[in-house]
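Here is the structure we will look at, set down as structure tokens.
The values are calculated or read from the model by the stated rules, or taken from the named source; none is laboratory data. This structure is a prediction, so every number in the text was calculated from the model and none was measured. All Cβ positions, even for glycine, are placed from backbone atoms using ideal geometry, and neighbour counts span all protein chains on display.
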Amino acid sequence: MNPLLALGQILVSIALIVAILLQARGTGLSGTFGGDSAVYRSRRGVERRLWQFTIVLLVLFVIFSLASFAFAPAAG
């Protein structure tokens, strides 16, 4: 496995874990800072950007995984 691909995949996976943990289930980012989330509403502002950032990180993780598989040395 290419060390550069491995490092990239590790960094993306750590960022993905952090991004997911920042999204508290059912409360969103506003609940972390004391906001009331009793009413269902759409994501706005920082919560929406965090959601989009999580999707981008997920796509990057999949790309790194596929690249690692594609560039892996053949078993002989």
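Checked against the criterion of being at pLDDT below 95, among the hydrophobic types (A, V, I, L, M, F, W, C), in a loop (DSSP other than H, G, I, E, B) and surrounded by 11 or more Cβ atoms within 10 Å (Cβ to Cβ), the candidates 6, 24, 38 yield just one match: 24. Determine whether residue 43 is in contact with a Gly (Cβ under 9 Å, 6 or more places away or on another chain), of a type in the set (Lys, Arg) and either at pLDDT below 80 or in a loop (DSSP other than H, G, I, E, B) (or both). So residue 43 passes the test.
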